[in-house]
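Notes follow the structure.
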Amino acid sequence: MKVVTIVGARPQFVKASVVSKALRSAGHTEILVNTGQHYDDNMAKIFFEEMHIPKADFNLGVGSGSHAVQTAASMIGIEKIIEEVKPDFVIVYGDTNATLAGALAVKKLNLKLVHIEAGLRSFNRDMPEEINRIVTDVLSDQLFVPTQVAADNLKKEGIERGVYVVGDVMVDALQTYSRIAEQKSTILKQFGIKTDKYLLLTIHRPSNSDVNRLRPILEQVSKAKIPVIFPVHPRVKSKVADLTQDISGSIILIDPVGYLDMMVLEKHAKVILTDSGGIQKEAYCHQRYCLTIRSETEWVETVNDGWNYLVGDELDRIPELIAHFPTPIRWLNHYGDGHAANRIVSILSEIYGNQAE
Ligand code: UD1
Ligand code: UDP
């Protein structure tokens with residue numbers, strides 16, 4: 001099979017790290033296209049290096065900009081490449097502008113589209129990602145979903161053909177790199193922090209990026225009086241730097257970290273506070289408490305099982321929830337066995353022919 005894979009943002013590098021390898025070790029030809037939406041070394045290059053992701057064959061250098069600018073520039077570059085390469089199908093991941101651009105460009109050329117991590121819904125159309133997911137799912141020929149809940153979401157929208165429940169490729173990555181991370185990462189030592197004696201914070205959603213929202217979040221988190229490790233996403237960097245000058249010293253601002261350091265920070269944190277999708281799920285997989293600074297989540301299993309609490313607008317409850325996180329109800333293996341990537345490659349091989357190029 002000849003496959004074009006499209007990535008562009010940090011979570012997609014993590015997902016591709018396992019699927020690209022599975023495709024290539026099964027003898028298939030993959031042309032990897034990075035739209036370049038994330039471009040700082042610690043948002044992009046570090047993942048390719050640490051996770052040995054194959055070098056992108058094309059980097060479109062799209063960079064930052066409005067949604068239309070990012071999506072349109074990505075579409076133009078992707079269209080050119082797939083017309084030239086003529087792949088059997090194109091893979092897109094998740095819900096970023098790279099996903100949407102890939103989906104639109106591919107289907108306008110009447111080619112086959114494969115969506116990995118399909119079927120997730122927040123049911124909040126104010127989120128740009130929700131728009132990207134809905135459009136991509138409507139257009140996809142094969143939809144690989146992590147859970148039955150995601151398959152049910154698609155069914156309710158009338159999408160039943162081509163849907164496969166395979167587990168979550170992020171679990172594959174987590175299982176592959178967790179032990180390596182424990183061996184290689186020195187991040188705990190670097191900050192003199194120990195298991196259960198610090199919090200991990202990440203914020204990058206536009207809805208949390210305004211200073212009027214960021215300020216109370218940081219004020220409430222800092223009340224916990226234990227160190228807060230905060231790898232700062234570039235979207236909020238300048239705002240956070242200004243705000244933390246007036247807020248207590250327990251918040252330790254650091255640059256975004258690579259996947260190995262992140263695995264270790266997640267595994268040992270007393271509580272993870274985040275608005276990230278992937279990090280909520282990783283917290284659950286590591287059996288760590290999570291406070292999600294949003295009003296809804298796509299990863300409903302984490303909330304139903306009591307490991308994830310949606311803080312929404314109850315920011316003033318953060319200190320109490322950190323001190324006394326309600327005891328979880330259960331932990332189930334919702335997100336799969338760590339073999340989702342191989343399952344996806346086998347199914348695609350059956351559909352598109354098993355001939356290695
Ligand atoms: C994007 C995705 C989001 C995903 C997130 C993962 C969309 C619509 N959003 O959001 O779904 O959860 O990635 O992190 O695709 N910037 C830099 N350097 C970089 C990257 C970004 O400085 O390498 C800054 C720029 O100022 C940019 C801002 O961060 O304008 C936001 O970046 P962007 O890629 O537009 O959106 P994210 O918030 O990263
Ligand atoms: N991540 C990382 N370093 C960081 C922040 C996140 O390695 O400083 C990893 C995280 O462990 C997860 C992925 O990046 O695997 C999630 O990306 P992000 O939170 O940016 O996006 P989302 O999942 O919300 O789309």
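The values are calculated or read from the model by the stated rules, or taken from the named source; none is laboratory data. Being a predicted model, the structure only gives us computed values, none of them experimental. Backbone-built Cβ (ideal geometry, glycine too); neighbour counts: all protein chains shown.
Within segment 37-70, how many residues are at positive phi and more than 9 Å from ligand 1 (Cβ to nearest atom)? Step through it out loud before you land on a result.
Our first condition is that a residue be at positive phi; within segment 37-70, this holds for 52, 61, 63, 65.
Applying the additional criterion that residues be more than 9 Å from ligand 1 (Cβ to nearest atom) yields 52, 61.
Summing the residues that are at positive phi and more than 9 Å from ligand 1 (Cβ to nearest atom) in segment 37-70 gives 2.
State which residue pairs qualify: first residue farther than 16 Å from Phe144 by Cβ and inside segment 94-107, second residue more than 13 Å from ligand 1 (Cβ to nearest atom) and of a type in the set (Phe, Trp, Tyr) in any location, beta carbons under 9 Å apart, and separation of 6 or more residues or different chains.
none
Among the strands (runs of 3 or more DSSP E) confined wholly to segment 185-304, which include 1 or more residues that are closer than 20 Å to Ile318 by Cβ and at pLDDT below 95?
On the way: elements: 199-202, 228-231, 251-254, 271-274, 289-292.
Qualifying strands (runs of 3 or more DSSP E): 251-254.
Yes or no: Ile254 within 22 Å of Asp196 (Cα to Cα), away from ligand 1 (no atom under 15 Å from the Cβ) and touching a strand residue (DSSP E or B) at 6+ places or on another chain (Cβ under 9 Å)? Write out each step before concluding.
Details: within 22 Å of Asp196 (Cα to Cα): yes; away from ligand 1 (no atom under 15 Å from the Cβ): yes; touching a strand residue (DSSP E or B) at 6+ places or on another chain (Cβ under 9 Å): yes.
Yes, satisfied.
Does Ile322 satisfy being crowded, with 23+ Cβ neighbours inside 10 Å, more than 17 Å from the chain's Cα centre (by Cα) and part of a helix (DSSP H, G or I)? Full working, then the answer.
Details: crowded, with 23+ Cβ neighbours inside 10 Å: no; more than 17 Å from the chain's Cα centre (by Cα): yes; part of a helix (DSSP H, G or I): yes.
In short, no.
Can you give me the number of residues within segment 325-343 that are assigned to a helix (DSSP H, G or I) and either within 19 Å of Ala224 (Cα to Cα) or polar (S, T, N, Q) (or both)? Working first, answer last.
Initial filter on segment 325-343 (assigned to a helix (DSSP H, G or I)): 340-343.
Subset that is either within 19 Å of Ala224 (Cα to Cα) or polar (S, T, N, Q) (or both): 342.
Residues meeting the conditions: 1.
Name the single residue that is surrounded by the most Cβ atoms within 10 Å (Cβ to Cβ) among those in segment 287-298 being free of Cβ contacts under 8 Å to residues at least 24 places away in the same chain and under 23 Å from Arg213 (Cβ atoms). Let's see the steps before the verdict.
Filtering segment 287-298 for residues free of Cβ contacts under 8 Å to residues at least 24 places away in the same chain gives 288, 290, 292.
Checking the rest, the ones that are also under 23 Å from Arg213 (Cβ atoms) come to 290, 292.
Values: Cys290: 29, Thr292: 24.
Filtering segment 287-298 for residues that are free of Cβ contacts under 8 Å to residues at least 24 places away in the same chain and under 23 Å from Arg213 (Cβ atoms), the one surrounded by the most Cβ atoms within 10 Å (Cβ to Cβ) comes out as Cys290.
Using the structure shown, decide if Ala22 is under 15 Å from the mean Cα position of the chain (by Cα) and either of a type in the set (S, T, N, Q) or modelled with pLDDT of 95 or more (or both). Walk me through how you get there before you give the answer.
On the way: under 15 Å from the mean Cα position of the chain (by Cα): no; either of a type in the set (S, T, N, Q) or modelled with pLDDT of 95 or more (or both): yes.
Criteria not met by Ala22.
Would you confirm, using the coordinates I've provided, whether Ala56 is over 17 Å from Met262 (Cα atoms) and part of a helix (DSSP H, G or I)? Steps first, answer last, please.
On the way: over 17 Å from Met262 (Cα atoms): yes; part of a helix (DSSP H, G or I): no.
Answer is no for this residue.
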